[in-house]
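Okay, so here's the structure we're looking at.
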Amino acid sequence: MEFSSKLLEKAVDEMAQLPGIGKRTALRLVLHLLRQPQEQTAFLTQALTALREDIRFCQSCHNISDTELCDICANSSRDHALICVVEDVRDVMAIENTRQFGGIYHVLGGKISPIDGVGPSQLKISSLVDKVKSGSVKELVFALSSTMEGDTTNFFIYKQIKDTDVITTTIARGISVGDELEYADEITLGRSIRQRIPLEISFKNN
């Protein structure tokens, strides 16, 4: 792809770094920005700069937040003894959209995947185990993707806390095996949250 401007080429190259954005789509987006009023581009630049400089992660659940505690963890009406364990902040959004869960979350930041070089120490597992062992948690709901990596992560955490009194459940398999949670429709996901089952049963069924 030939460019008449080095500035244009640089902008397209940077835009093409985004997932799912090829060079042609990046060019279309950059040309669109050039056609917009200059202040609109400035607003976008300011928003992205603020995102990188000011964004925080909740010190309790590791969700993306503007403050030390996210709105969910800071909400006294939520059941703080009920924790839903998820891989990613997008899973929090997906479950919240169902309006079927009244507890709080714990975002692991991924799942154990040796083939990708992701081990337990690279995830937010130790802080979850500490919460459970503190005695403040009554139930953990495992809502990881129903993949081999998701089930491996479930089992690893389960082994760390199996000697505690905490109840461990997993979302019902209304979510198809191999599916990513964020792509499930809200009705199916909501039903899975309501009809969660003991985690031990899910191991026996695999």
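The values are calculated or read from the model by the stated rules, or taken from the named source; none is laboratory data. Please read these numbers as outputs of a predicted model, since none were measured by experiment. Don't worry about glycine lacking a Cβ; one is built from the backbone with ideal geometry, like all the others, and counts go over all protein chains shown.
One table, with the values for the structure above:
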quantity	calculated
Residue among H106, H62 that is at pLDDT 95 or above, under 26 Å from E186 (Cβ atoms) and not assigned by TED's automatic domain parsing to the domain that holds F156	H62
Selection from the range 121-149 of residues that are out of contact with any helix residue (DSSP H, G or I) (no Cβ under 9 Å at 6 or more places or on another chain) and either among the hydrophobic types (A, V, I, L, M, F, W, C) or more than 16 Å from I83 (Cα to Cα) (or both)	S121, Q122, T147, M148
From A143, A81, residue being small (G, A, S) and under 16 Å from the mean Cα position of the chain (by Cα)	A143
Given (1) crowded, with 22+ Cβ neighbours inside 10 Å; (2) free of Cβ contacts under 8 Å to residues at least 40 places away in the same chain; (3) in contact with a Ser or Thr (Cβ under 8 Å, 6 or more places away or on another chain), number of the condition E87 does not satisfy	(2)
S121 surrounded by fewer than 15 Cβ atoms within 10 Å (Cβ to Cβ), among the polar types (S, T, N, Q) and without any contact (Cβ under 8 Å) to a residue 24 or more places away in the chain	yes
Residue in the range 87-106 that is nearest to I193 (Cα to Cα), counting only those that are assigned to a strand (DSSP E or B) and out of contact with any helix residue (DSSP H, G or I) (no Cβ under 6 Å at 6 or more places or on another chain)	G103
Selection within the range 114-152 - farther than 20 Å from S60 by Cα and assigned to a helix (DSSP H, G or I)	P114, I115, D116, M148, E149, G150, D151, T152
Cβ pairs under 7 Å, 6+ apart, first in the range 151-164 and more than 16 Å from K133 (Cβ to Cβ), second surrounded by 16 or more Cβ atoms within 10 Å (Cβ to Cβ) and hydroxyl-bearing (S, T, Y)	N154/T170
Where a residue in the range 44-64 is at negative phi and its partner, wherever it lies, is surrounded by 12 or more Cβ atoms within 10 Å (Cβ to Cβ) and aromatic (F, W, Y), with Cβ under 6 Å and at least six apart	C61/Y105
Within the range 66-105, tally of residues that are under 30 Å from T49 (Cβ atoms) and of a type in the set (K, R)	1
